């Protein structure tokens, strides 16, 4: 197996380590399957680029990138960007759901208070 | 049969001024019901409301004035109110204007009635930065709608039942200003402005402190654009 540089080996091994760690997180139920997908795909792609120099060369030439290492970085960056955007979307949705739940809870609690306690009339004061 | 009116008072840490606002409202408009939406206060806001015999819906965390109003709308719709009015707890909104504000919605001339500071010359003078923002958003609204709304940032508004029913699901999250107005007009609701005079806030912190930052104009512009792009229903 031919490697272009030490960095390529480090990147390849790092990516494999990452993939294994992600799978382990899923196994221990610390990371949901949904979120593991992008991580796993990105680790596998980086590992493929790292271990298969012909593939790396081919993609580099095909995209007209000047150096092989840039290709690896480009893929890494693309995945990071995708992940961050995905997280932002998820966060926005979580925020909206949270908003909705807060309002729902407030109304339910009010309903409960009305049903369980006699209403305080003006003037009686707490 | 006369319309049932709910005055929604969004309140965040307003224990100092809430009591007087509630008393004043009761005094000038004894025929309307009150609801305090305590937006995650850390002070005795809820207790003050209860002591005045006003029902309180309390958010566990602070959602902002938009969220508080949305909760109020939902309460109003579920309890069969025909009109909901936003009245700020800090005393800026003078309850004496309630009848004038309610009239257009009561008479079916409009779906939303805005208590406006600029329709006629009223005493209110805002800080320069705020005024600049107000002028800009009045411009944005005019550009988007082709009609002029003088006071886009006034929170002192009366909303008809159909508006409340729609807004309980879809509503700007923090500041219901220009984007909301654009959205409402695009959906075919009729807006009118009613001249009011606003007072200085009595105590507490403005909901709009965060609005002074860069975020508020940005957010409002983007939301206005999105509301404008939305297909009219």
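Quick one: in the stretch A:1-45, what % of C-alpha pairs are over 13 Å apart? Before the final figure, lay out the partial values.
Working: 551 of 990 pairs.
Result: 56 percent of Cα pairs exceed 13 Å.
With respect to chain A, whose longest principal axis is taken over its alpha-carbon atoms, helix A:33-51 is tilted by about 10°. In chain A, the longest principal axis of the Cα atoms and the axis of helix A:68-116 are about 10 degrees apart.
Here, the protein assembly as shown yields an orientationally averaged convex hull projection of 24.9 nm² when only Cα atoms define the hull.
Normalised by the number of residues in chain A, the average gap of Cα pairs under 8 Å and 6 or more apart makes the relative contact order 21 percent. With viscosity 0.890 mPa s and temperature 25 °C, the Kirkwood radius over alpha carbon pairs of chain B converts through Stokes-Einstein to a diffusion coefficient of 140 µm²/s. Among beta bridges identified by DSSP and lying wholly in chain B, the antiparallel ones come to about 25 percent. Take the Cα of residue A:82, go 7 Å toward its beta carbon, and the backbone nitrogen atoms of the stretch A:27-48 under 18 Å from that spot belong to A:32-48.
Under 15 Å from a label point set 7 Å out along the Cα-to-Cβ vector of residue A:32, no amide N atom of the stretch A:59-79 is found.
Just the number, please: Stokes-Einstein D of chain A in µm²/s, Kirkwood Rh from C-alpha pairs, 4 °C, 1.567 mPa s. Show your work: numbers first, answer last.
Details: Rh = 18.6 Å.
The estimated diffusion coefficient comes to 69 µm²/s.
Other protein chain C-beta atoms within 10 Å of residue C-beta, averaged over B:56-68: 4.
The spacing between the stretch B:143-191 and the stretch A:1-36, judged by their C-alpha centroids, is 50 Å.
Over the stretch B:8-130, the pair-distance histogram of Cα-Cα distances with 5 Å bins from zero comes to 2, 11, 19, 22, 21, 14, 8, 2, 0 percent, rounded to whole numbers. Axis of helix A:53-63 versus longest Cα principal axis of chain A: the two differ by about 70°, to the nearest ten degrees.
Rounded to the nearest 0.05, what FRET efficiency do residue B:142 and residue B:162 give with R0 = 35 Å and r taken as the Cβ-Cβ distance? Could you check? Please report the intermediate quantities before stating the final value.
On the way: r = 25 Å, r/R0 = 0.70.
After rounding to 0.05, the efficiency reads 0.90.
Laboratory data are not the source of any read-out in this text; all were calculated from the coordinates shown. Quantities reported herein were computed from a predicted structural model and do not represent experimental measurements. Reconstructed Cβ throughout: ideal geometry from the backbone, glycine too, with neighbour counts over all protein chains shown.
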